Amino acid sequence: MSLTISAHTERFATAPQIALEDMAAIAAQGFRTVVNNRPDGEGGPEQPSSAAMAQAAQAAGLDYHYVPVISGQITPEQVASFAAIVAASQGPVLAFCRSGARSTTIWHMGR
């Protein structure tokens, strides 16, 4: 996997945009849940859609959640939803966005 994962705790990590084919490697690293914080279409047509990411995650045996956030415009509702997903996860959670920064920010906001 050519992806940089930043571990924040034993149960939570962030990454920049992942590819569909990364899901199996993410599962092999022990993650149980993936949270996509990147709005569909933000990166143009080459960015995989949330629906495609959900399908790839499911095929790899991962739980998948979509909580799209815009940098600088994160709402209290998004923070609450994200925090609930992380808290309810059965295993380590990997959240991603374009660079990993928004995923890290929303996680910090929900702590």
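Odds and ends about this structure:
- Pairing residues of region 63-75 that are hydrophobic (A, V, I, L, M, F, W, C) with residues that are assigned to a strand (DSSP E or B), at Cβ distances under 9 Å and at least 6 apart in sequence or on separate chains, gives Val67/Val35; Val67/Asn36; Val67/Ala95.
- Ala80 satisfies every condition listed in (1) small (Gly, Ala, Ser); (2) under 19 Å from Ile5 (Cα atoms); (3) without any contact (Cβ under 8 Å) to a residue 60 or more places away in the chain except (2).
Every number here is computed from the coordinates shown, using simple stated rules; none is lab data. Everything numeric in this text was worked out from a predicted model, so none of it was measured. Positions of Cβ are generated from backbone atoms using ideal geometry, with glycine treated the same way; all protein chains shown enter the neighbour counts.
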